[in-house]
């Protein structure tokens, strides 16, 4: 196994972890706007995790973190 790929997490695992992180941020958010934004991110990451678990079909057209800011 290539030393650079050892320990690399899968896309599904990454998206799942990010969904959990964003849910926690939503729960700790002080403002309603922040709570709503983090909840939306959590939802989006959870959908991506499910999609990747089912073959990583990125049919949403969103391919990376910069797509949300474009």
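Points to keep in mind about this one:
- Filtering the stretch 24-70 to residues that are more than 21 Å from residue 10 (Cα to Cα), modelled with pLDDT under 95 and part of a helix (DSSP H, G or I) leaves only 68.
- Residue check: residue 4 meets all listed conditions (1) exposed (fewer than 10 other Cβ atoms within 10 Å of the Cβ); (2) at pLDDT 95 or above but one, namely (2).
- Applying a threshold of 9 Å to beta carbon distances and a minimum spacing of six or more residues, or different chains, the list of pairs starting in the stretch 41-70 at a residue that is on the phi > 0 side of the Ramachandran plot and surrounded by fewer than 17 Cβ atoms within 10 Å (Cβ to Cβ) and ending at one that is in a helix (DSSP H, G or I) and modelled with pLDDT under 95 reads 56/11; 56/12; 61/67.
The values are calculated or read from the model by the stated rules, or taken from the named source; none is laboratory data. Remember, it's a predicted structure, so these values are computed and weren't measured experimentally. Cβ sites come from the backbone with ideal geometry, for glycine too, and all protein chains shown count toward neighbours.
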